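To start, the structure itself, in structure tokens.
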Amino acid sequence: MKILAINSNMNRAITDKIRDVARGLASPGTTVDAVCAEWGVPAIEGSYDAAFAALATVELVKRHERDYDAFIVVCYSDPGLYAARELTNKPVYGIAQSSMLAACTFGHRFSILSPLDRFRPVLESLVRFYGLEALCASVRTVNMDVRQSFDDLKAANTAFALEARRAVEEDGAEVICLGGAVFAGRDRAIGEEAGGVVCIDGLSAALKQAEAYHALGYTSSKVGLFETPRAKVRTLPGGVEI
């Protein structure tokens, strides 16, 4: 099968990391490509940024719809996820939703770790949107910007491992969802440093879900919420039609 991983921001370094991690995890016979937004924001650090990222994500899914069997939105606010599912009957996964659903398999309650304090209410709202608030013990942050959490891996891993341990001891979490594309491939290192806490990287979870459901022949329902959009002219600023 062919999977396209979409980094919803414009950071090419993180996109390269996403590609390398995904290809390392992919099963024989699975091809993974990764692209990033060509316009929008260099990092998604709030709802305003996510609004730009959502449209950039949807545009990439629409452009590549015929070329891939599944798509992964590799940003932890899942920007444009439901809109992308309307565009295609091929499965579209968001790393936030995929990690939360996986966490429900491996423990009773989960906590989400995110770099930024200001992203806490965004993720709390996302948990409620997905109907998982009863199973979410907490959303915790370390107030480290996205660039720091990517550039200084050792310090970032230690900070997140400490917060993961606190989530288990103070909040009753049994599983930790690592809230960001910057955590791709870092789940085991953080989990081990946290004393064996189960940590889930959303990219890894989404990739394996994509492979499994492709093998089963599952596709997105086009009845109800993800029904194909009605034909109409949709215009961006400057008169660009999409």
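The values are calculated or read from the model by the stated rules, or taken from the named source; none is laboratory data. Keep in mind the model is a prediction, meaning the values are calculated, not measured. Glycine also receives a Cβ, built like all others from the backbone with ideal geometry; neighbour counts cover every protein chain displayed.
Summary of values
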item	result
Residues satisfying the stated conditions in the range 25-44, i.e. surrounded by fewer than 21 Cβ atoms within 10 Å (Cβ to Cβ) and in a strand (DSSP E or B)	T31, D33, V35
Hits in the range 228-242 - residues which are in a loop (DSSP other than H, G, I, E, B) and exposed (fewer than 11 other Cβ atoms within 10 Å of the Cβ)	T228, P229, R230, A231, K232, V233, R234, L236, P237, G238, G239, V240
Meets criteria (assigned by TED's automatic domain parsing to the domain that holds V73, at pLDDT below 95 and within 26 Å of K208 (Cβ to Cβ)) for N89	yes
Residue check, E45 over 16 Å from the mean Cα position of the chain (by Cα) and not β-branched (V, I, T)	no
Selection from the range 184-237 of residues that are free of Cβ contacts under 8 Å to residues at least 24 places away in the same chain and within 16 Å of the chain's Cα centre (by Cα)	D187
Lone qualifier among A159, A137, A164, A181 - being within 20 Å of the chain's Cα centre (by Cα) and free of Cβ contacts under 8 Å to residues at least 40 places away in the same chain	A137
Candidates Y68, Y76 - the one that is assigned to a loop (DSSP other than H, G, I, E, B) and farther than 29 Å from E163 by Cα	Y68
Criterion: at pLDDT 95 or above and either of a type in the set (K, R) or over 16 Å from the mean Cα position of the chain (by Cα) (or both) - qualifying residue of T57, T31	T31
The range 1-24 - residue that is among the hydrophobic types (A, V, I, L, M, F, W, C) and farther than 18 Å from A96 by Cα and, of those, surrounded by the most Cβ atoms within 10 Å (Cβ to Cβ)	M10
Only one of G217, G172 that is among the small types (G, A, S) and within 30 Å of M1 (Cβ to Cβ)	G217
Leading residue by the ranking (nearest to E59 (Cα to Cα)) among those in the range 86-107 that are touching an Asp or Glu at 6+ places or on another chain (Cβ under 7 Å) and not in a helix (DSSP H, G or I)	T88
Residue that is farthest from A212 (Cα to Cα) [pool: residues in the range 92-110 that are surrounded by fewer than 24 Cβ atoms within 10 Å (Cβ to Cβ) and among the small types (G, A, S)]	G107
Cross-chain or 6+ apart pairs with Cβ under 8 Å, the range 35-62 first and closer than 14 Å to T15 by Cβ and assigned by TED's automatic domain parsing to the domain that holds R23, then hydroxyl-bearing (S, T, Y) and not in a loop (DSSP other than H, G, I, E, B)	V35/T15; C36/T15; A37/T57
